[in-house]
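Report on the structure given below.
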Amino acid sequence: MSLLRPVGIVGTGSYLPPRILTNDLEKMVDTSDEWIRTRTGIRERRVAAEHMAASDLAVPAAERALAMAGIRAEEVDLIVVATATPDAFFPSTACVVQERLGAVGGAAFDILAGCTGFLYALGVASQMIATGAHNVGLVIGTEVLSKITNWEDRSTCVLFGDGAGAAVLAPVEPGYGILGVHLGADGTGASLLHIPAGGSKMPATEDTVKNKLHTIHMLGSEVFKFAVRIMGEASLRALERAGLTKEEIDYFIPHQANIRIIEAACKRLNLPQEKVYINLDRYGNMSSASVPVALDEAYREGKIRKGHNLVLVAFGAGLTWGAAVVRWNLEAPPEAGV
Ligand code: UT7
């Protein structure tokens, strides 16, 4: 007899800071709305207020997810936050969120896997609940990328946005929930996407600040090639673990980095446009927040129904990748109007 129990998503939530930054970035760098739209699919992104940290975005997203699940914060005994922009090195942003939610007592920690962070967090948390070690998990992807963006670098500053998404995990009825997870990494690509300074290898100095070494550095075209290959591959590996084929995908929630990367993945998986959620035109790449925000919006809009097989997939710094197959266990919410 298996000691593992089925675990699924029983609530989702998201929070986007209200300030919108359109492609009107040509005042800052040598770019154009046309270049950004055609090369990436992005039209605008959100930017958090100066005083806002990752936890400030995570808390309202988590509160919305808990409200949907009908679960009180005190019942949460596991919080995993995926972020590349934590409030501070330590304590973990998960501990800050735990205190703010009033969920004190359970385990709380952060995961760093770049834009794949939410998939890593989902994989780890779901397995901690499947074993019976924990009962109610809160998995959050939250990013304030605007604070680590070099606003003079046109190759990165047009791409990213701020936001947070959350999912509540709990045991669900057999046959539903997270059916398969595949996570992977290739550290040989570490230098393709990184922040050079600020860690123990290159602590902050006047020079590191002056040379903008605390911001995102990326070799975009190399990451692009990797992403085009890995999104489809990771999805197929997760499907294999779930015992499903690509023909059985009902809805696809990819990391929102570039519309051309998503299109390549859809081609590999034979997925028509209506089975794919896209919000990068409105939010840009929100790193670990992209997948949970897309999941929350797709569900609230009625695109996802009980019994649907979903594939969530992402890639990011590391280089890392991850995919999860979820058989959705919730009826559409009233606001979906279906
Ligand atoms: O979530 C993981 C994070 N990273 C990613 O997902 C990034 C994946 N990569 C990409 O999405 C694409 O590689 C980019 C959108 C970053 C770049 O698109 P690309 O088609 O790979 O362009 P490229 O880097 O090969 O650059 C083509 C040209 C270059 O000019 P030259 O050398 O051909 O004269 C760039 O300097 O486009 C230029 N360029 C720009 N031009 C106007 C780069 N950024 C810009 C810009 N505006 N913002």
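The values are calculated or read from the model by the stated rules, or taken from the named source; none is laboratory data. What you see is a predicted model, and the numbers here were worked out from it, not measured in a lab. With ideal geometry, Cβ positions are generated from the backbone for all residues, glycine too; neighbour counts draw on all protein chains shown. When the accessible area is computed, the model is the full protein with side chains, heavy atoms only, and any ligands, DNA or RNA have been set aside. Shrake-Rupley method; radii C 1.70, N 1.55, O 1.52, S 1.80 Å.
Some observations on this one:
- A Cβ distance below 7 Å, combined with a sequence gap of six or more or placement on separate chains, defines the contacts here; from segment 179-201, residues that are outside the structural domain of F118 (by TED's automatic domain parsing) reach residues that are acidic (D, E) and assigned to a helix (DSSP H, G or I) in the pairs L192/E222.
- Across segment 135-179, the number of residues qualifying as in contact with an Asp or Glu (Cβ under 7 Å, 6 or more places away or on another chain) and surrounded by fewer than 20 Cβ atoms within 10 Å (Cβ to Cβ) comes to 2.
- Of all the numbered requirements in (1) under 30 Å from R72 (Cα atoms); (2) of a type outside the set (D, E); (3) in contact with a helix residue (DSSP H, G or I) (Cβ under 6 Å, 6 or more places away or on another chain), A170 misses one, and that requirement is (3).
- Any pair with Cβ under 6 angstrom, 6 or more apart, that starts in segment 206-234 at a residue that is within 14 Å of the ligand (Cβ to nearest atom) and ends at one that is open to solvent by 50 Å² or more (accessible area, probe 1.4 Å): H217/H194; G220/S155
- Residues (aliphatic (A, V, I, L, M) and either away from the ligand (no atom under 16 Å from the Cβ) or open to solvent by less than 10 Å² (accessible area, probe 1.4 Å) (or both)) located in segment 262-289: I262, A265, L269, L271, V276, L280, M286, A289
- Evaluating N270 against the criteria (1) without any contact (Cβ under 8 Å) to a residue 60 or more places away in the chain; (2) in a helix (DSSP H, G or I) leaves one unmet condition, (2).
- Count of segment 24-55 residues which are in contact (Cβ under 8 Å) with a residue 24 or more places away in the chain, of a type outside the set (V, I, T) and open to solvent by less than 60 Å² (accessible area, probe 1.4 Å): 11
- Subset of segment 238-253 that is in a helix (DSSP H, G or I) and buried (at least 17 other Cβ atoms within 10 Å of the Cβ) - its residue that is nearest to the ligand (Cβ to nearest atom): A238
- Put simply, of P334, P292 the only residue that is open to solvent by 20 Å² or more (accessible area, probe 1.4 Å) and either modelled with pLDDT of 95 or more or not assigned by TED's automatic domain parsing to the domain that holds G232 (or both) is P334.
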